[in-house]
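Undergrad: Provided herewith is a single structure, encoded as structure tokens, for subsequent inquiry.
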């Protein structure tokens, strides 16, 4: 009998410690629940933050403004090239630069894999699904001050964002 009481107490305590949220990100008692923040001092944290927020907007029917993400996550040189191309009638970019597609449906973030990293440079592969089709892109990054910035996106062996913007 004593073991049953101890187990019941443990179950109650664990249940009290667990948190559940509703679809709008609030707890059952109506308090706003904050998502854990990615460690943006690390390149993997920057990539996670970018793709998590980007996919959340697209999967909830919103439209992303690529320029907002470019301004926040790209190195100044790449951001400048992208802005110039976006304002050009001969814009070579006719697809979503973050998912390498013109359309999306049910985006799911998968593995973020470190391919290379030293104190100043990093390359990360982002694996995801777009309508159950496996996709991947590689992000080349450089440390700029206290954060990491994207210097290029590689879509295939010889196909990069920088290469298209030249």
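Undergrad: Which order results if 149, 136 are arranged by neighbouring Cβ count within 10 Å, fewest first?
TA: 136, 149
Undergrad: Once the piece of chain linking residue 134 and residue 117 is laid out straight, how much longer is it, given 0.36 nm per residue of separation minus the C-alpha distance between them? Before the final figure, lay out each step's value.
TA: On the way: separation 17, 0.36 × 17 = 6.12 nm, distance 2.44 nm.
Result: 3.7 nm gained on full extension.
Undergrad: Would you work out if the range 64-166 is rounded, prolate or oblate? Take a ≥ b ≥ c from the square roots of the eigenvalues of the alpha-carbon gyration tensor; rounded if a/c is under 1.5, else prolate when a/b is larger than b/c, oblate otherwise.
TA: Here the range 64-166 falls in the oblate category.
Laboratory data are not the source of any read-out in this text; all were calculated from the coordinates shown. Computed from a predicted model, the values in this text were never measured in an experiment. Cβ sites come from the backbone with ideal geometry, for glycine too, and all protein chains shown count toward neighbours.
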